[in-house]
Amino acid sequence: MKLKAFLIALAILAVVVGGVVGVKGLQIGRLIASGKEEGGPPPETVSTAPVTAARWDRAVESVGSMRAVQGADLSTESSGVITKIHFENGQQVNEGDLLVELDTQTEEANLRSAEAEADLARTVYERTRRLRVNNTVPQSDMDAAESQMRKMNALIEQLKSTLREKQVRAPFSGHLGIREVNLGQYVDNGDKIVSLQSLDPIYVDFLLPQQLLSQLKPSFPLRVMTDVYPGKVFDGELTAVNTEIDPVTRNIRLQGTLQNPEGLLRPGMFGRVLLSLGEADEVIAIPLTAVITATYGDSVFVVEEKADEKGNKKLVANQRFIRTGRSEGDFIAVTEGLKPGETVVAAGAFKLRNGSAIEVNNDLAPQPERAPRPEDS
């Protein structure tokens, strides 16, 4: 009895397993048949971009640092106690404006004494000169009186110069920084009082390789961009090319001049410098995202139309090796391997192989730009 029940259970299990295997086999067969009818795996969805001819300015890029046309750390020529401060931090001042005064009581007293002695020396000289006309006094008395008068006049000029050294004046117009001293503080000669910088115009210093030396000429236009002011471009021109090349880096130092009426650029700030080298170049451009970089060379997937065995047309992507040139924004120049009018895969190339079927969807693809300005940069 037990044997009979066992055999019945075994038969039921065999029927169930056989049914499952049959259903799965039928499904697999249908998938294989479907794949043969459709000519292979389903197409991959990609974004594409045209290969275009463009004119790009011949330009080189570098990183530059801003420097004031005129800049100085102001200090005193004499020592003393600060009695007056005539400026505020960050103030705009003009050439000759009085900024700081030191205590001058002793020097002023000495000046009054010297002026009194100078008046006496002048009186003696005038009296001696009149007496000398009548030969009442010898020439030696006349010479001594004149010498004393000149000596006292020189002493007065010396004391006035000392008084001027007790004052700090702006040597040129510009913006003051933050003062380094306080009222009543004793300062020695040479101690820093405040920084003064002339901000308009302003210099930008940058370096380029020596290979470009023959192409560099003053007055070439340049543009400066800085992450301090995203999206803002400062225009200027190349004003100086250094006379020597750095023997270590083989770079040459250049100087550009930028108009800075609003004072947005400050000395020490760095920025991206784009220097134009003259006439524009004719280039073949594609998006940077289309290029697949590998150790054996750069390549792209070119979109082509192909007919299957039944004559149905479909899009396929074929890999092609290229040579690239300089880049500008989101684009890169292709010097060999492509021609205008062709179409390349701009996004999704990582999942393709040579001859892969593709389906194009450019609805969500970002548009490349030659001068991109990301909102979150």
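In table form, for the structure just shown:
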read-out: Cross-chain or 6+ apart pairs with Cβ under 6 Å, the range 341-364 first and over 18 Å from V291 (Cα atoms), then surrounded by 13 or more Cβ atoms within 10 Å (Cβ to Cβ) and not charged (D, E, K, R); value: A357/P43; A357/V316; E359/P43
read-out: Leading residue by the ranking (surrounded by the fewest Cβ atoms within 10 Å (Cβ to Cβ)) among those in the range 355-370 that are acidic (D, E) and outside any strand (DSSP E or B); value: D363
read-out: Residue match in the range 135-142 (condition: at pLDDT below 85, of a type in the set (S, T, Y), in the same structural domain as N110 (by TED's automatic domain parsing) and not in a loop (DSSP other than H, G, I, E, B)); value: yes
read-out: Only listed residue being loosely packed, with under 15 Cβ neighbours inside 10 Å, in contact with a strand residue (DSSP E or B) (Cβ under 6 Å, 6 or more places away or on another chain), among the polar types (S, T, N, Q) and at pLDDT below 85, chosen from Q210, Q215, Q185; value: Q215
read-out: Filter result for E107 (touching a residue at least 12 places away in the same chain (Cβ under 8 Å) and within 60 Å of the chain's Cα centre (by Cα)); value: yes
read-out: Every residue from the range 38-58 that is modelled with pLDDT of 85 or more and not in a strand (DSSP E or B); value: V51
read-out: Scope the range 227-282; condition in a loop (DSSP other than H, G, I, E, B), surrounded by fewer than 13 Cβ atoms within 10 Å (Cβ to Cβ) and polar (S, T, N, Q); matching residues; value: T249
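The values are calculated or read from the model by the stated rules, or taken from the named source; none is laboratory data. Quick caveat: nothing in here was measured; it's all calculated off a predicted structure. Positions of Cβ are backbone-derived with ideal geometry, glycine not excepted, and every protein chain shown enters the neighbour counts.
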